[in-house]
Amino acid sequence: MWKGTGSGVALADVLTQLQQVNAYMYQMTTTITGQIVAGRTINQDGHATILVSRDGAMKMTMTTQDAGGVQTMRQETYLLPQKKVMLMIIPDAKQYTQVEMDEARLQNELKRNNDPRVVIEHLMTCNYTSLGRSTIDGVQVEGFETTDPKYMAGVFGQTDVKMWVDAKTRLPVRSEIDMQNDQIHMHYVEDHYQWDVPIDPKEFEPVIPPDYTSATTKVPPMTEETLIQGLKLFAEMGGRYPDEL
């Protein structure tokens, strides 16, 4: 029987497998370099452990440091769908911020927690190519890549997204995302996925010491007025409007 050299894994099958997963955990490393607002430069590395439940509750523990390793910051971020709240805790500063969201913003945030399901869904809407078979950590995988600007809706210059999937289980093994514009370069790697991990509900119960100071922010509703304000801010910070919405 002749076997072609094309993809043996369908992204639709990967998405189906992911939708059957309950809780999962993975690691994420980030590298951000370049120039941000008002000529300020950034050269930062980060490492995060992320836990996600089936209902979308998320806990991320992230440590970031500058290139010299001099300044280090640890932050815990919780996304709590039942309360429609995002909570960010910074132990070193003894501070926490609570962001209250409406339903529309909550649904948007559920898609932005680096969920591999969202990566696959976006890949399926873009022009992508197969990277063929390879091996990662002893696992036979098949890779996919897109450089389609549609992936980031034209908001962030050049984008290169790669995803490698276990050829047997049809579950992600590793993903890499590179985003580059005139000012900044961001590189994300997600790996060490653990599927259907047992979860203690207490994992999603933030513990805030009594001496921490707080700030509560209520996200404005998604209206035409706030869209215009957001576009104005985007243009002021980036020097242009996004190519698409």
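The values are calculated or read from the model by the stated rules, or taken from the named source; none is laboratory data. Note that the structure is predicted; figures quoted are calculated from it, not measured. With ideal geometry, Cβ positions are generated from the backbone for all residues, glycine too; neighbour counts draw on all protein chains shown. In case anyone asks, the SASA skips ligands and DNA or RNA and just uses the protein heavy atoms, side chains included. Shrake-Rupley method; radii C 1.70, N 1.55, O 1.52, S 1.80 Å.
Structure notes:
- Beta carbons closer than 7 Å, at least 6 apart along the sequence or on distinct chains, pair a first residue in region 225-237 that is within 22 Å of Gln35 (Cβ to Cβ) with a second that is hydrophobic (A, V, I, L, M, F, W, C) for Met237/Val37.
- Flag for Val173 being surrounded by 16 or more Cβ atoms within 10 Å (Cβ to Cβ), farther than 19 Å from Thr31 by Cβ and without any contact (Cβ under 8 Å) to a residue 40 or more places away in the chain: yes
- In region 227-245, the residues that are at pLDDT 85 or above, open to solvent by 80 Å² or more (accessible area, probe 1.4 Å) and either among the β-branched types (Val, Ile, Thr) or closer than 21 Å to Lys150 by Cα (or both): Leu227, Ile228
- Residue check, Thr5 modelled with pLDDT under 90 and assigned to a strand (DSSP E or B): no
- Yes/no for Ser175 being out of contact with any Leu (no Cβ under 9 Å at 6 or more places or on another chain), of a type in the set (Ser, Thr, Tyr) and within 26 Å of Met86 (Cβ to Cβ): yes
- Residue count, region 211-245 (criterion: in a loop (DSSP other than H, G, I, E, B) and of a type outside the set (Val, Ile, Thr)): 12
- Met179 vs. criteria closer than 20 Å to Ile42 by Cα, open to solvent by less than 40 Å² (accessible area, probe 1.4 Å) and either touching a Gly at 6+ places or on another chain (Cβ under 8 Å) or outside any strand (DSSP E or B) (or both): yes
- Gln183 meets each of the listed conditions (1) free of Cβ contacts under 8 Å to residues at least 24 places away in the same chain; (2) out of contact with any Phe, Trp or Tyr (no Cβ under 6 Å at 6 or more places or on another chain) apart from (1).
- Every residue from region 112-152 that is modelled with pLDDT under 90, under 19 Å from Tyr26 (Cα atoms) and not hydrophobic (A, V, I, L, M, F, W, C): Arg112, Asn113, Asn114, Asp115, Pro116, Arg117, Glu121
- Test: residue in region 92-113 that is of a type in the set (D, E, K, R), surrounded by 15 or more Cβ atoms within 10 Å (Cβ to Cβ) and not in a helix (DSSP H, G or I): no
Conditions (1) modelled with pLDDT under 90; (2) outside any helix (DSSP H, G or I); (3) open to solvent by less than 40 Å² (accessible area, probe 1.4 Å), marked per residue:
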{"position": "Ala38", "(1), (2), (3)": "yes, no, no"}
{"position": "Gln44", "(1), (2), (3)": "yes, yes, no"}
{"position": "Gly56", "(1), (2), (3)": "yes, yes, yes"}
{"position": "Arg74", "(1), (2), (3)": "no, yes, no"}
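- Check on Asp160, of a type in the set (Asp, Glu), surrounded by fewer than 17 Cβ atoms within 10 Å (Cβ to Cβ) and at pLDDT 90 or above: yes
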